[in-house]
Amino acid sequence: MAAIALALPVLSGCGIVAPWSMEPPPPASALTQAHSDPQEWIGKRLPDLTAKLGEPSSIEPLQETTGDLVIYSHPGFPHYVFETGPNGKIVSASTAP
């Protein structure tokens, strides 16, 4: 046990780290998100969007239209903003700066 405790700092200094200390890889949906044109989602429903891009960062109800404002703002990826209409279909989509 002592040998392992002494070896870990040496291994981590060489770029080799224990598997339990590594960051998990980004989800596959996040990789897809980086290459997705937001305009392709117009006319589709929110469940289709979340199935492809994963869970959004936030969803806010829009009182004026009774739809939702759906925002994807995951670090390292483009930020997307979608608006759904009262029927749940995406009516507008854009990439936020």
On full extension of the chain, what length is gained from T50 through D37, given 0.36 nm per residue of separation minus the C-alpha to C-alpha distance? 3.2 nm
Collect residues whose amide H, placed 1.01 Å from N in the peptide plane, falls under 5 Å from the amide H of G67; neighbours closer than 5 in sequence don't count. L62
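Values in this text are rule-based calculations from the coordinates and carry no lab data. What you see is a predicted model, and the numbers here were worked out from it, not measured in a lab.
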